[in-house]
Structure formats: structure tokens, C-alpha cells
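Heads up, the thing below is written out as C-alpha cells.
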Amino acid sequence: MIRGVLLDLDGTLLDHRSAADAAVTHWLSGHAPGHPRLAEAAALWQALEEPHLRAWHAGECSWEEQRRRRIRALCVELAVTVPDDLDAAFGAYATRYRRSWSAYPDAAEAVAALAGFRLGVLTNGSQRMQEAKVRAIGFGGQVGPVLTGEVLGGRYKPAPACYTAAARALGLAPGEVLLVGDDVVNDVTGPAAAGMRSVWLDRLGVQPPPAGFPRITSLSELPALARDGLPTA
């Protein structure tokens, strides 16, 4: 029986991609006006995100250093001058990024409909920033604890210990928890390996789900799945 629901944040509750795309395009247009590859900046920035976050998760660098590396790598790829002050450069990007934070239109109604379940947010970002995002999009106090590797003993998705620790934070066993998110590895197959139920949020609806796992294209479908139960993966 499902008693708790863990929600991914970026790409699930918050439209991270639109905010990041707008912010990096704006930053590059100011740093290198008229750059011929401006239209590629968003995709390049997205490609740089995960490997540098993984380096931070692994303890290979600090949170601040992974941000510097991302800015430097983007500039090298686009053959533009690397800023002398990488922290200031990322700060300019981050300011624009924060201004663009917004919840997906289906998020508020879905969260309200999950009343009665123990809720939490499980995300691989930094604790301080992810808590700020939850507040900024209007879910402060509504979605339970914000759980990142920083409060889960250094365990990040898709490490099995991350999911068991997150379930424990809700006071539940992994099998009593349903995780929903947009990343197949982090939010679908990863939790399943720890005995947690999972559902893939595929907002574009263009790919088949991993074998044995349900797929939804909107959070509006989630409450019924949580109430009615899921087939075992």
C-alpha cells in the first residue's frame, strides 16, 4: 500500500529547463553579443549540467567549483573569452535563472490532491537552493521535507541508499513510497532497485516507458495512481 509520495523537483514540480535555457541564453548574449551559436547555448548548457553535478556528488569538487567548471566549459566550447571572475559570471546567470522559476501548471492541483499521503521532495540539487525553489513556486510547507544528499548522508540519486534514507525520513519503508520524476534512471529504475515504487513523468509523451513501469504525461494523473496502487515492476 502506498502511504507516501516523493516528488522530484526540477522537471517535475518546477520548470527547470525553461528557466535554465532562458538564463544561459541571456547570459551569453550579454557576454558575447551577436555570437553565431547563441541558439545552441541552451542545449550545450544542459549537456554540461549532469556530469559536473555528478562530480560534486562524488566529492570531487565543491558546489561552487562545479559551477565554475560549467561556465568555463561552456565558454571553451563556444570559443568565447573565459571570464576572469567565474563566480560573478555564474552569479549573473543564477540571478536570471531565479527570476524565471515557475511551477508547472499541473503541479498545484496534483499536490493538493495528494493530501493524506506523507509527502516529500527528493532532489539532487543543493539543499539551500532546492528549498528556495520550493518556497518560490508556492509549495513551502505543502510538500513535506526537501531531501537532498546533503541531509541524506551524502547519498544522491540513483544510489540505493538515497531512496531508503528518503523513505526513512518519511517514517516509511521503501515499499510504502511512490517516487515520481522525469529522469528514468534517477526517478524510475533507481528507486525500484531499492524496493521503492516509481512512475515516470514524461511530459513530452514521445518515448515508451521502461519495461514494467507506468508512465504519466501530467502530474494530474499521479493522485489516482497513488490511491489505486501500481503493478509491481
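The values are calculated or read from the model by the stated rules, or taken from the named source; none is laboratory data. Small disclaimer: the values here were computed from a predicted structure and weren't measured. Every residue, glycine among them, receives a Cβ derived from its backbone with ideal geometry; neighbour counts consider all protein chains shown. Areas reflect the complete protein model, heavy atoms only, side chains present, ligands, DNA and RNA absent. Shrake-Rupley method; radii C 1.70, N 1.55, O 1.52, S 1.80 Å.
Work out the FRET efficiency for Cys61 and Gln142 from their Cβ-Cβ distance, taking R0 = 35 Å, and round it to the nearest 0.05.
Working from the Cβ atoms, E equals 0.55.
In nm, to one decimal, how far is the modelled label at Val206 from the one at Val151, with both set 7 Å along Cα→Cβ?
According to this spin-label approximation, the distance is 3.6 nm.
With a 1.4 Å probe and every protein chain kept in, tell me what percent of the accessible surface of the range 91-233 is carbon plus sulfur.
That share works out to 52 percent.
Sorted by packing (mean other beta-carbon atoms within 10 Å per residue), highest first, where do 18-25, 142-149 land?
Most protected by this proxy first, the peptides run 142-149, 18-25.
Ranked highest first by the average count of other Cβ atoms within 10 Å around their residues, in what order do 72-78, 116-122 fall?
Going by the mean number of other Cβ atoms within 10 Å, highest first, we get 116-122, 72-78.
Relative contact order of the chain, please, whole-number percent, based on alpha carbon pairs below 8 angstrom and at least 6 residues apart.
The normalised contact order for the chain reaches 24 percent.
From the helices alone, meaning DSSP H stretches of at least four residues, give me the mean residue ellipticity at 222 nm for the chain, per-run term -39500 (n - 2.57), in deg cm²/dmol to the nearest 500.
Value at 222 nm, helices only, nearest 500: -13000 deg cm²/dmol.
Can you tell me the accessible area per residue over the range 89-148, all protein chains present, probe 1.4 angstrom, in square angstrom?
Using a 1.4 Å probe on heavy atoms only, each residue of the range 89-148 averages 44 Å².
In a Debye calculation with equal point scatterers on the alpha-carbon sites of the range 1-84 and no solvent, what is log10 I(q)/I(0) at q = 0.22, 0.25 Å⁻¹?
Treating every Cα as an identical point scatterer, log10 I(q)/I(0) equals -1.11, -1.26.
Could you give the nm distance between label points at Ser29 and Asp85, where each point is 7 Å from its Cα heading toward the beta carbon?
Taking the simple label geometry, Ser29 and Asp85 are separated by 2.4 nm.
So, how do all the Cα-to-Cα distances of the range 65-187 break down into 5 Å bins, in percent, from 0 on up?
The distribution over the range 65-187 is 2, 9, 16, 18, 18, 15, 10, 7, 4, 2, 0, given as percents.
Using the beta-carbon distance between Arg227 and Gln127 and R0 = 45 Å, what value does 1/(1 + (r/R0)^6) give for FRET efficiency, to the nearest 0.05?
So, using R0 = 45 Å, E works out to roughly 0.90.
Multiply the residue separation of Arg17 and Ser102 by 0.36 nm, subtract the distance between their alpha-carbon atoms, and state the gained length in nm to one decimal.
Full-extension gain reported as 29.5 nm.
Of the labelled options (i) -0.55, -1.00, -1.20; (ii) -0.47, -0.89, -1.12; (iii) -0.65, -0.91, -1.05, which one gives log10 I(q)/I(0) by the Debye sum over Cα atoms at q = 0.10, 0.14, 0.16 Å⁻¹ as computed for this structure?
(ii)
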